[in-house]
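Chemist: My questions all concern the structure below.
The values are calculated or read from the model by the stated rules, or taken from the named source; none is laboratory data. What you see is a predicted model; the values in this text were computed from it and never measured. As a convention, Cβ positions derive from the backbone with ideal geometry for all residues, glycine included, and neighbour counts pool all protein chains shown.
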Ligand code: C5P
């Protein structure tokens, strides 16, 4: 599919995928794909256009025609939708929940595949999501499945949203995250699960730097970087 080395990182929300993927990409000087943002943006753009998220053909057209770009800023990747910076808007748990509704649709997933694969450019790609290892970069030689306890994941997400100045309640967030995990794991297409060739890493007791280091060590072993 591609000769470009890919590190596929999958797992449920709050397992640390985004932070780890960003840290690894920075250290290796590789490209970064935050695939979840594409589902979040699709849901946002559909909502703004007044489209019902269950209206498959209309949401699919939105996904295919997304006018989105990712700009490397000093504080990380900025997500720009039709010239508007939506980086923070798409991070809310509501945006995540809406993303997981459109993500159940196989036609929407199909519409986003080519866009995701286009991120695989030299010298390499670190991609995070739910189906990086199982579907989008099935041939990746390094697949990682990050997990953490539900309580720990909710805590991390809570802190992340609080740090962004968002008003969230921990019990409500835990409930929403569990509901989203259930939707992602039980859906018919590309359900969230570790592939047989994935290295599973429980990050509950690990700090983010330790996880980044573990991934870098695996990348050195697999890709000789
Ligand atoms: O990773 P993030 O929380 O941003 O993803 C938002 C939602 O998008 C997930 O809950 C999931 O439903 C969907 N998603 C997906 N496949 C991916 C990435 C995200 O279905 N590769």
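Chemist: Given the criterion within 13 Å of the ligand (Cβ to nearest atom), part of a loop (DSSP other than H, G, I, E, B) and touching a helix residue (DSSP H, G or I) at 6+ places or on another chain (Cβ under 8 Å), identify the matching residue among 66, 77, 53.
Modeler: Numbers: 66 fails: within 13 Å of the ligand (Cβ to nearest atom); 77 fails: part of a loop (DSSP other than H, G, I, E, B).
Answer to the selection: 53.
Chemist: Just give me the residues in region 3-44 being at positive phi and in contact with a helix residue (DSSP H, G or I) (Cβ under 7 Å, 6 or more places away or on another chain), in sequence order.
Modeler: So the first thing to find is which residues in region 3-44 are at positive phi, and the list is 11, 14, 16, 29.
Of everything in region 3-44, those that are at positive phi and in contact with a helix residue (DSSP H, G or I) (Cβ under 7 Å, 6 or more places away or on another chain) turn out to be 11, 14, 16.
Chemist: One residue is enough: does region 21-38 have a residue meeting the conditions out of contact with any strand residue (DSSP E or B) (no Cβ under 7 Å at 6 or more places or on another chain), closer than 23 Å to residue 142 by Cα, within 11 Å of the ligand (Cβ to nearest atom) and modelled with pLDDT under 95?
Modeler: No, the conditions are met nowhere in region 21-38.
Chemist: Test residue 95 against the criterion of being within 11 Å of the ligand (Cβ to nearest atom) and under 18 Å from residue 36 (Cβ atoms), and give yes or no.
Modeler: Details: within 11 Å of the ligand (Cβ to nearest atom): yes; under 18 Å from residue 36 (Cβ atoms): yes.
So residue 95 passes the test.
Chemist: Please specify each residue of region 100-131 satisfying the condition of being outside any helix (DSSP H, G or I), touching a residue at least 12 places away in the same chain (Cβ under 8 Å) and either over 23 Å from residue 5 (Cα atoms) or away from the ligand (no atom under 11 Å from the Cβ) (or both). Lay out the reasoning, then the answer.
Modeler: First, the residues of region 100-131 that are outside any helix (DSSP H, G or I): 103-105, 118-131.
With touching a residue at least 12 places away in the same chain (Cβ under 8 Å) added as a condition, the list becomes 103-105, 119-131.
Result: 103, 104, 105, 119, 120, 121, 122, 123, 124, 125, 126.
Chemist: For residue 84, indicate whether it is surrounded by fewer than 16 Cβ atoms within 10 Å (Cβ to Cβ) and closer than 21 Å to residue 165 by Cβ. Before the answer, list the steps.
Modeler: On the way: surrounded by fewer than 16 Cβ atoms within 10 Å (Cβ to Cβ): yes; closer than 21 Å to residue 165 by Cβ: yes.
When the stated conditions are applied, residue 84 passes them.
Matching residues to (1) within 16 Å of the ligand (Cβ to nearest atom); (2) surrounded by 13 or more Cβ atoms within 10 Å (Cβ to Cβ); (3) in contact (Cβ under 8 Å) with a residue 40 or more places away in the chain:
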site	(1), (2), (3)
165	no, no, no
189	yes, yes, yes
199	no, yes, yes
202	no, yes, yes
207	no, no, no
